[in-house]
Amino acid sequence: MRRRLAVSCCLSAALAVLACRERAAEPPRREIAPSTPPTAAPADVSHGEAPVGSEDQPPPVDPNAPQASTARLQHIRITIRHTKIAIATGVTYDAWTFDGRVPGPVLRVTEGDTVDFTLVNRAPMPHSLDFHAAEIAPSRAYRNLMPNDSLHYRFVARVPGAFMYHCGTAPVALHIANGMYGAIIVDPRQGRAPAKEFVFVQSEFYTKTLADSTRTIDWEKLLGLAPDYVVFNGREAEYAHHPIRVGVGEKLRMYVVNAGPNRFSAFHVVGAIFDRVYLDGSLGHSLEGVQTVTVPVGGGAIFETRLGEAGTYPFVSHAFADATKGAVGMFEAR
Ligand SMILES: [Cu+2]
């Protein structure tokens, strides 16, 4: 009896030692602080995911579409530069840019126009430019351009729509996430009905902070599809801080291009229904009377609506985590 007790005691002690060793071999547990969803609304406007500013202060990034040009030969020149840009209030990002801005310049041509294009690389590394509005051999036109080199070619903008352009140098996700994208509108030859026109380019920023407090790309966040900011026209909630004034009942046309590089846009105007949406901007593919339309990464769409009464109307990506991260703006109808 005594012997059996001793054996069982030894066994328990050995098991306890083993368990102890196993515990010691376990990697130390990281304490993750539980994140608490905010319950205080940032704005008193319904769907106001960011504080709403005054429409008396014009937005630093102009949302108005450029005028259509009547020239049939369009000379376009873009210079690639690395520069610092503002992506949110007090947040500076070390960006790779077309013409020193993010998004790059909004380009506008008409169906059938010849685009005479020159690209100049003033950055210290290879870059390129891919026009979704062109039908051309990428091996010739979208090749990597070395620092201080330039490239010249022509293409005919054959298909009307709202197209993306972007750097196509690998890894493409890195070059796009660093700011190398923009919109090119190709108007149909017969034109579109008069309207107040805006361009919104949606994109994401994945950031980490450097010693001088500038932000730079966080590659792991990019691969994990976890942006810090999702924005229209390069800045967090730009048009919530500076609402866009429009007329009650006025016809509005929005050219929306989604540069990504990862997040689909669910474009929606709160308090409105789209009279018509042209998928990819194509005349042949339009929807009538729709609430929300997906703009895929690397795609575009043209949205038309009217705001029925005076008031503040948010426009958002209805993927609301993205609206919380900055994909929100406001129309102020008067
Ligand atoms: Cu690039």
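The values are calculated or read from the model by the stated rules, or taken from the named source; none is laboratory data. None of the values given here were measured: they were computed from a predicted structure. Here the Cβ is made from the backbone with ideal geometry for all residues, glycine too, and neighbour counts use every protein chain on show. These accessible areas exclude ligands, DNA and RNA; they are computed on the full protein's heavy atoms, side chains included. Shrake-Rupley method; radii C 1.70, N 1.55, O 1.52, S 1.80 Å.
Looking at the range 175-196, which of its residues are more than 22 Å from residue 70 (Cα to Cα) and outside any strand (DSSP E or B)? Within the range 175-196, 175, 176, 177, 178, 179, 180 qualify.
Residue 130 satisfies every condition listed in (1) open to solvent by 60 Å² or more (accessible area, probe 1.4 Å); (2) of a type in the set (Asp, Glu); (3) within 16 Å of the ligand (Cβ to nearest atom) except (1).
Residues that are touching a His at 6+ places or on another chain (Cβ under 8 Å) and away from the ligand (no atom under 16 Å from the Cβ) within the range 175-201 comprise just one, 184. Please determine whether any residue of the range 167-174 is loosely packed, with under 15 Cβ neighbours inside 10 Å, within 15 Å of the ligand (Cβ to nearest atom) and over 25 Å from residue 73 (Cβ atoms). Checked the range 167-174: at least one residue is loosely packed, with under 15 Cβ neighbours inside 10 Å, within 15 Å of the ligand (Cβ to nearest atom) and over 25 Å from residue 73 (Cβ atoms).
Screening residue 131 against (1) hydrophobic (A, V, I, L, M, F, W, C); (2) within 30 Å of residue 304 (Cβ to Cβ); (3) in contact with a Pro (Cβ under 8 Å, 6 or more places away or on another chain) leaves a single unmet condition, (3). Of all residues in the range 274-325, those that are among the hydrophobic types (A, V, I, L, M, F, W, C) and over 24 Å from residue 225 (Cα atoms) total 10. On inspection, residue 142 passes the criterion of being within 16 Å of the ligand (Cβ to nearest atom) and of a type in the set (Phe, Trp, Tyr). State yes or no: is residue 122 of a type outside the set (Val, Ile, Thr), away from the ligand (no atom under 16 Å from the Cβ), at pLDDT 95 or above and open to solvent by 20 Å² or more (accessible area, probe 1.4 Å)? So residue 122 does not fit the description; no. Residues in the range 55-95 that are open to solvent by less than 40 Å² (accessible area, probe 1.4 Å) and within 16 Å of the ligand (Cβ to nearest atom): 78, 79, 80, 85, 93, 95.
For the range 204-216, the candidate set comprises residues that are in contact (Cβ under 8 Å) with a residue 60 or more places away in the chain and over 12 Å from the mean Cα position of the chain (by Cα); within that set, the residue that is surrounded by the fewest Cβ atoms within 10 Å (Cβ to Cβ) is 213.
Meeting the requirement of 1 or more residues that are open to solvent by 10 Å² or more (accessible area, probe 1.4 Å), the strands (runs of 3 or more DSSP E) wholly within the range 220-271 are 229-232, 244-246, 265-269. Figure legend. Inter-residue proximity from the range 159-185: first residues more than 15 Å from residue 203 (Cβ to Cβ), second residues of a type in the set (Asp, Glu), beta-carbon distance below 7 Å, spacing 6+ or different chains. Indicated pairs: 160/111; 160/187; 161/280; 168/130. Contact list please: Cβ distance under 8 Å, first residue in the range 296-315 and closer than 8 Å to residue 333 by Cβ, second residue part of a strand (DSSP E or B) and among the hydroxyl-bearing types (Ser, Thr, Tyr), pairs at least six apart or on different chains. Hits for this filter: 307/313. Across the range 308-331, what is the total count of residues that are buried (at least 19 other Cβ atoms within 10 Å of the Cβ) and under 19 Å from residue 54 (Cα atoms)? Within the range 308-331, residues that are buried (at least 19 other Cβ atoms within 10 Å of the Cβ) and under 19 Å from residue 54 (Cα atoms) number 11.
When the residues of the range 96-107 are filtered to those that are within 26 Å of residue 160 (Cα to Cα) and buried (at least 21 other Cβ atoms within 10 Å of the Cβ), the one that is farthest from the ligand (Cβ to nearest atom) is 107.
Residue count for the range 277-292 under the criterion of being within 22 Å of the chain's Cα centre (by Cα), surrounded by fewer than 19 Cβ atoms within 10 Å (Cβ to Cβ) and farther than 17 Å from residue 159 by Cβ: the result is 2. The single residue among 300, 311 that is within 25 Å of residue 107 (Cα to Cα) and touching a strand residue (DSSP E or B) at 6+ places or on another chain (Cβ under 8 Å) turns out to be 300. Cβ-Cβ distances below 7 Å connect the following pairs, each with a first residue in the range 40-55 that is more than 19 Å from residue 268 (Cα to Cα), a second residue that is among the acidic types (Asp, Glu) and surrounded by fewer than 20 Cβ atoms within 10 Å (Cβ to Cβ), and a separation of six or more residues or different chains: 55/332.
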